[in-house]
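Q: Take this structure first; my questions come after.
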């Protein structure tokens, strides 16, 4: 194991460290409770941290502690009040108040829909919070506990560049393509916005990213029972994290089918391995779904499942088809908070167009590129990439179903629900970029990613931290003032991000003579 870790290029470790620093910066740049549903996710974590059991899908309401902190901190303030988040205003805010002092777990009347999700993420987060309180000898200040939970999410997603590189290498790509894949997650501002907040999406994304690595071996013909058990265990944990995990058994089956189709291998061994992986998935993560089926009569109960549309409402498929792809795409690249801040139409269109061109290069039937093949096969790339259309289909079907019940066009239309496919997407984009741009692919990905991050952070600071007559520096100082810590983590994370990006830019511009390492492809 240590020998394999030593084979990983230092620049890949640097990419993961840089991504960690960037996520840490976002965790302070995001005002608390502004990311999507963070207040609801946090409420369940704080509830479980009291020692309570996981609630049924319809029995949880928001707690006084979470809501009063949110109101006091400024999450539920109008835009004019948000603009008052200045250094002077931070000096008047009491950052020492604890969860119990805000009202603790006493319930209010506002329903919390989050317990409709499987419990793994909330159990893990609550255990972390309880352990920190035990070591400290009591509760921290509320804002400190929120930042602790955010940093747990940062830790979950920090390995994404490393996992993207590992997946690319196992699919036969050389290191330079793997490095390009490692940089693709930087190019999604919405990923860093949500990834730096308290949200169960982050554990699901992390587990799907881990799952992509052994599935790359499966795509290359690995049918060993050990691999199938590993695949099933990881997928099972993802299924126990989010309902989107129901697509993972289909993805697993697709990956086992690819070598059979491409190499005309015997079907029986592949079917046995796939069955073992799927049964393990269901055994590890399916019990929550089966329990819901027995107790509530449906595998996925929800307080939003009740029909609330007017009696005379008739679903308009054309209107929904016009709204769905646009809103989903915006939500994938950068639509922060509760649809309050977006990176801009041209940035969204540009990012989508560049990605589409790179994907076309990856899956082009004939190599008309600067460098052919990059050591990968289109069928294997397609097998890895299959999770993206599967997630898209799941979101589309569920969103249409909710639209017919609620008459609301944007229900469940969240681009972040596609982030489970970020590693396969990164690999395919990197392969396509390498075929189209050759040695300049890695630098092109880094420049694109840096540009999109600058656009995203500029929009965030302008909306949430700027004042009418302020500058970017005053907005930065305001954000720092509203994030007091024993160490200047906000400033240090910004400095670490800039420095590591500069080193990555140098590494990306220098041609690599390193040959592919076959030992990492199995």
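The values are calculated or read from the model by the stated rules, or taken from the named source; none is laboratory data. Note that the structure is a prediction, hence the values are computed from the model and not measured. As a convention, Cβ positions derive from the backbone with ideal geometry for all residues, glycine included, and neighbour counts pool all protein chains shown.
Q: Within region 72-181, considering only helices (runs of 4 or more DSSP H) that don't extend past its boundaries, which have at least 2 residues that are surrounded by fewer than 19 Cβ atoms within 10 Å (Cβ to Cβ)?
A: The qualifying helices (runs of 4 or more DSSP H) are 79-82, 87-91, 120-136, 142-157.
Q: Please go through region 292-315 and pick out each residue that is at pLDDT 85 or above and over 29 Å from the mean Cα position of the chain (by Cα).
A: Answer for region 292-315, where residues must be at pLDDT 85 or above and over 29 Å from the mean Cα position of the chain (by Cα): 294, 295, 296, 297, 312, 313, 314, 315.
Q: I'd like the residue in region 459-475 that is assigned to a helix (DSSP H, G or I) and out of contact with any helix residue (DSSP H, G or I) (no Cβ under 7 Å at 6 or more places or on another chain) and, out of all such residues, is surrounded by the fewest Cβ atoms within 10 Å (Cβ to Cβ).
A: 473
Residues checked against (1) touching a helix residue (DSSP H, G or I) at 6+ places or on another chain (Cβ under 6 Å); (2) within 19 Å of residue 221 (Cα to Cα); (3) loosely packed, with under 15 Cβ neighbours inside 10 Å:
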residue: 251; (1), (2), (3): yes, yes, no
residue: 254; (1), (2), (3): yes, yes, no
residue: 260; (1), (2), (3): yes, yes, no
residue: 267; (1), (2), (3): yes, yes, yes
residue: 271; (1), (2), (3): no, yes, no
residue: 276; (1), (2), (3): yes, yes, no
residue: 280; (1), (2), (3): yes, no, no
residue: 287; (1), (2), (3): no, no, yes
residue: 291; (1), (2), (3): no, no, yes
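Q: Now, a different point. Given the condition closer than 26 Å to residue 241 by Cα and within 29 Å of the chain's Cα centre (by Cα), answer yes or no: does some residue in region 90-102 qualify?
A: Yes, because at least one residue in region 90-102 is closer than 26 Å to residue 241 by Cα and within 29 Å of the chain's Cα centre (by Cα).
Q: Moving on. Hey, among 289, 308, which residue is in contact (Cβ under 8 Å) with a residue 12 or more places away in the chain and more than 28 Å from residue 230 (Cα to Cα)?
A: Answer to the selection: 308.
Q: Checking residue 286 against (1) closer than 18 Å to residue 395 by Cβ; (2) not assigned by TED's automatic domain parsing to the domain that holds residue 426, only one condition comes out false. Which one?
A: Condition (1) is where residue 286 drops out.
Q: Specify which of the listed residues (69, 95, 19, 25) is at pLDDT 85 or above, closer than 18 Å to residue 197 by Cα, assigned by TED's automatic domain parsing to the domain that holds residue 129 and in contact with a helix residue (DSSP H, G or I) (Cβ under 6 Å, 6 or more places away or on another chain). Talk me through it step by step, then tell me what you get.
A: Numbers: 95 fails: closer than 18 Å to residue 197 by Cα; 19 fails: assigned by TED's automatic domain parsing to the domain that holds residue 129; 25 fails: assigned by TED's automatic domain parsing to the domain that holds residue 129.
Of 69, 95, 19, 25, the one residue that is at pLDDT 85 or above, closer than 18 Å to residue 197 by Cα, assigned by TED's automatic domain parsing to the domain that holds residue 129 and in contact with a helix residue (DSSP H, G or I) (Cβ under 6 Å, 6 or more places away or on another chain) is 69.
Q: Would you check if there is a residue in region 177-194 being closer than 13 Å to residue 41 by Cβ and at pLDDT 95 or above? Show your work before the answer.
A: Kept after step one, since they are closer than 13 Å to residue 41 by Cβ, are these residues of region 177-194: 194.
In the following step, the residues that additionally are at pLDDT 95 or above were identified as 194.
Within region 177-194 (the criterion being closer than 13 Å to residue 41 by Cβ and at pLDDT 95 or above), the answer is yes, since at least one residue qualifies.
Q: Scan region 19-38 residue by residue and report those that are in a helix (DSSP H, G or I), surrounded by fewer than 24 Cβ atoms within 10 Å (Cβ to Cβ) and more than 15 Å from the chain's Cα centre (by Cα).
A: If the condition is that a residue be in a helix (DSSP H, G or I), surrounded by fewer than 24 Cβ atoms within 10 Å (Cβ to Cβ) and more than 15 Å from the chain's Cα centre (by Cα), then 21, 28 are the ones that fit.
Q: If you don't mind, there's one more thing I want to ask. Any idea which residue in region 316-339 is farthest from the chain's Cα centre (by Cα), counting only those that are part of a loop (DSSP other than H, G, I, E, B) and surrounded by 14 or more Cβ atoms within 10 Å (Cβ to Cβ)?
A: Looking at residues that are part of a loop (DSSP other than H, G, I, E, B) and surrounded by 14 or more Cβ atoms within 10 Å (Cβ to Cβ), I get 337.
Q: Return the residues of region 273-286 that are assigned to a helix (DSSP H, G or I) and in contact (Cβ under 8 Å) with a residue 12 or more places away in the chain; say none if nothing qualifies.
A: 273, 274, 276, 277, 278, 279, 280, 281, 282, 283, 284, 285
Q: Going through region 463-479 one residue at a time, which ones are out of contact with any strand residue (DSSP E or B) (no Cβ under 7 Å at 6 or more places or on another chain), touching a residue at least 24 places away in the same chain (Cβ under 8 Å) and closer than 13 Å to residue 31 by Cβ?
A: 464, 465, 466, 478, 479
Q: Among (1) buried (at least 24 other Cβ atoms within 10 Å of the Cβ); (2) under 19 Å from residue 186 (Cα atoms); (3) within 24 Å of the chain's Cα centre (by Cα), which single condition is residue 447 missing?
A: (1)
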